[in-house]
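Single-structure report; data block below.
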Amino acid sequence: MELDYRIFDADNHYYEPDDCFTRHIEAAHRERSIHIDRSQPGPGRMWVGDERCQFFSVGAGDSIGAPGVMKAFLRGLSEEGGSPSLHPIDGLAVPEFVDRKARLVEMDRQQVEACLMLPTAGVGVEPQLRQPKHRDVLYPVVRAFNRWLEEDWGYGGDGRIHGAPLLSLADVRSAIAELDRVLECGARFVVLTAGPIDGRSPGDPHFDPFWARCEEARVNVVYHIGRTPFSEMYNTPWGLRPHPPSHRHSLMEYAISFTERPIVDTLTALVGDNLFGRFPELRILSVEYGSSWVAPLLKKLDHIARLHSKDMWRFGVPPLSPSETLRRNLWVAPFFEDDVVGLTRTLGVEHVLNGSDYPHPEGLRWPVEFVEELEGLPADAVRRVMRDNLEGLIAA
């Protein structure tokens, strides 16, 4: 299927340079920030102060498979390619992975008009920074990372690369202050970590001042796969590791705490705590969590809501059913190997986003390849998924 228009891609990434967390951090916090140690041969070792980074123990771009190298494996067409480090390359040495101008040239080759640009290493650090040992440098590190992002990639002022800054809900006032700062700089998306925050659901009214500001600003809140509190919460009771490193999870660690569980539980909390009843215009994006969980979640939440009394709602009875709520407030960028057409029927075609995950090895080398997953849909629906839905989220 050929397209006569350029696409909007909801899942692009960069590989961060060594100084992304330190270039703009205050001198008082520099030694305790996140940094890469290259004093020994091999990949650089990633540290949080004097402690190894728990999710990315080495530089995230140092030794990685080329874009799309896992595609045949993920589609079941090859037995080779199950490792993201198959035929590894140095991601930091590829201009379009690290340089905005080079990326724009590549986007033109790829037929991509605009993209949501997301962190790689940046999605693996916030929960570790919440820990008591690092808590006082959490917001200095987040602010420093976002200033690097503004400088190297930007927030979409040219209408093409829409960088998504990191935020943390560990302190509501600090979260709002940084949210206001990045909004003033033009941000249209922000990234949060899935899961609870210090014993509270993200749907708890404690966080309402933050959500109110998001709704008022019409900013899009992104949950992207990465390090979450779920590994500590769910792994240790089973005798598993509390902090398995990226791409090195055991089968059980992967199943109970990594992919579906964080996003399913987070959305359950947001619906169950009536967040969308209080803020009906909030926009939540699930990116790189796949989509096989969507239909079962909508069915399960509706079933529970019908079975039990209105007393089950902690913070007020929602005006809509859970499935109606999520069809209004949730957008999903599925894995390309998912049943994308089925997702358009479950969630509504207006709420499905194409996402290539470029330049990661488990994604697509050419983002327009995603259209292959939309066979059978009418042309206007294809255009919605490939362009209009994300364009609307940026513009609204």
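Numbers for the structure displayed
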quantity	calculated
Per-residue Cβ neighbour rank within 10 angstrom, fewest leading, 211, 153	153, 211
Relative contact order [Cα under 8 Å, 6+ residues apart], the chain, whole percent	20 percent
Segment 306-368: C-alpha gyration tensor shape, a/c 1.5 cut-off, then a/b vs b/c	prolate
FRET E, pair residue 108, residue 379, Förster distance 22 Å, beta-carbon r, rounded to 0.05	0.40
Partner lysines for residue 310 [C-alpha distance under 30 Å; skip if fewer than 8 residues away on the same chain]	299, 300
Inter-label distance for residue 5 and residue 248, nm, one decimal - labels placed 7 Å from Cα along Cα-to-Cβ	4.5 nm
Packing-based exposure ordering (other Cβ within 10 Å, fewest first) of 299, 71	299, 71
Residue-by-residue Karplus 3J(HN,Hα) for segment 380-394, coefficients 6.51, -1.76, 1.60, Hz, glycine and proline x	5, 5, 4, 4, 4, 5, 7, 8, 5, 5, 5, 4, x, 5, 6
Viscosity 1.002 mPa s, temperature 20 °C, Stokes-Einstein D of the chain from Kirkwood C-alpha radius, µm²/s	100 µm²/s
Gap separating the Cα centres of segment 120-194 and segment 353-384, nearest whole Å	28 Å
Sum of -39500 (n - 2.57) over DSSP H runs of 4+, divided by residues of the chain (222 nm, nearest 500)	-9000 deg cm²/dmol
Full-stretch length increase - residue 23, residue 255 - with 0.36 nm per residue and alpha-carbon distance subtracted	79.9 nm
Segment 256-330: GluC sites (Glu not before Pro) falling in loop per DSSP and having at most 15 other Cβ within 10 Å	281
Per-residue ³J(HN,Hα) for segment 229-238, Karplus 6.51 cos²θ - 1.76 cosθ + 1.60, θ = phi - 60°, Hz, x for Gly and Pro	x, 5, 5, 5, 5, 10, 6, 4, x, 9
Residues 142, 317, 125, sorted so that the one with the fewest Cβ neighbours within 10 Å comes first	317, 142, 125
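Values in this text are rule-based calculations from the coordinates and carry no lab data. Everything numeric in this text was worked out from a predicted model, so none of it was measured. Neighbour counts are summed over all protein chains in view; Cβ atoms, including those assigned to glycine, are modelled from backbone coordinates with ideal geometry.
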